[in-house]
1. For the range 228-251: of the residues being touching a residue at least 40 places away in the same chain (Cβ under 8 Å) and more than 18 Å from L207 (Cα to Cα), which is surrounded by the fewest Cβ atoms within 10 Å (Cβ to Cβ)?
2. Go through (1) surrounded by 23 or more Cβ atoms within 10 Å (Cβ to Cβ); (2) closer than 23 Å to H33 by Cβ and name the single condition H203 misses.
3. With the requirement that a residue be part of a helix (DSSP H, G or I) and farther than 16 Å from S159 by Cβ, what does the range 170-194 give you?
4. May I ask you to list the residues in the range 148-186 that are at pLDDT below 95 and either surrounded by 20 or more Cβ atoms within 10 Å (Cβ to Cβ) or farther than 21 Å from T76 by Cβ (or both)?
5. Against the definition (surrounded by 14 or more Cβ atoms within 10 Å (Cβ to Cβ), within 25 Å of Q216 (Cα to Cα), hydroxyl-bearing (S, T, Y) and at pLDDT 95 or above), how does S54 come out, yes or no?
6. Which numbered condition in (1) out of contact with any strand residue (DSSP E or B) (no Cβ under 7 Å at 6 or more places or on another chain); (2) β-branched (V, I, T); (3) within 22 Å of Q50 (Cα to Cα) is the only one that I142 fails?
7. Restricting to the range 154-172, what's the tally of residues that are farther than 17 Å from L249 by Cα and among the small types (G, A, S)?
8. Collect the residues in the range 1-37 that are touching a helix residue (DSSP H, G or I) at 6+ places or on another chain (Cβ under 7 Å) and either crowded, with 16+ Cβ neighbours inside 10 Å or over 27 Å from D87 (Cβ atoms) (or both), keeping them in residue-number order.
Amino acid sequence: MLVSMPHIGTDIAPELQHCFVPRALAVEDTDWHLARLYDFLPALGISVLQPRYSRYVIDLNRPPDDTPMYSGAANTELCPTHFFNGDALYKPGQAPSPQEVQRRRHAYWQPYHDALAGELERIKAVHGFALLWDAHSIRSHIPWLFEGKLPDLNIGTASGAAAASAVSDAAVSAVNGFTHVVNGRFKGGYITRHYGQPAGHVHAIQLEKCQSLYMQEALPYAYDETLALKLQPTLKRMIQASLAATKALYV
């Protein structure tokens, strides 16, 4: 099993920082503290992939051709140009050109996906199958992206195309005490949709969770240990249940 955390990076290369509005350097739309929240993974023998650079530099969960992920809804680009509230990320005239987008794609996006694909192939070579868990978090209220408050846990399998129903059903069955939805507003981004290939023995699930479950959603974005300790057992059960269900498909 591999857990990908494509939006936890916080670095912006020094040579790019002058292009952004000052507020952007605080990288407020980061998927904060996920490595800490999922700190039980190494003990389970699960691989973890984490980037260094911020999604403001490039969004690792968007397709390389920048095709919108969600038709009819606000979408962030391969190289985002707006904060999650719709404000401009870049100073006037400083948004990346098509050439700069391609440079970043090769410098930042491609190495992550090379590592991701390579690890999935390694896992499949050893076990005969692989389960990819794409881990995310987001503020519970973002009017620019969705109406109202998100359910606590948002499970996405590209409307069933990225994972067998038994795998997503197992993840749902492990949820206790939290609101949840399957393939709602967040059905899975590029990583889930591209790498989830059940016919090729690779299953993928995206979990988008509300940050209010484990942290402070406003500055200073502090981790809340008390809240996190209530959430972590559910996350662990979801991962173990979905992995067991995937294994059962190949026994």
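The values are calculated or read from the model by the stated rules, or taken from the named source; none is laboratory data. Model, not experiment: these values are computed from the prediction. Glycine also receives a Cβ, built like all others from the backbone with ideal geometry; neighbour counts cover every protein chain displayed.
1. So, considering only residues that are touching a residue at least 40 places away in the same chain (Cβ under 8 Å) and more than 18 Å from L207 (Cα to Cα), the one surrounded by the fewest Cβ atoms within 10 Å (Cβ to Cβ) is Y250.
2. (2)
3. Those that are part of a helix (DSSP H, G or I) and farther than 16 Å from S159 by Cβ: A170, S173.
4. Across the range 148-186, the qualifying residues are L150, N176, G177, F186.
5. Against the criterion (surrounded by 14 or more Cβ atoms within 10 Å (Cβ to Cβ), within 25 Å of Q216 (Cα to Cα), hydroxyl-bearing (S, T, Y) and at pLDDT 95 or above), S54 qualifies.
6. Exception for I142: condition (3).
7. Matching residues across the range 154-172 total 3.
8. M1, L2, S4, M5, P6, I8, I12, W32, L37
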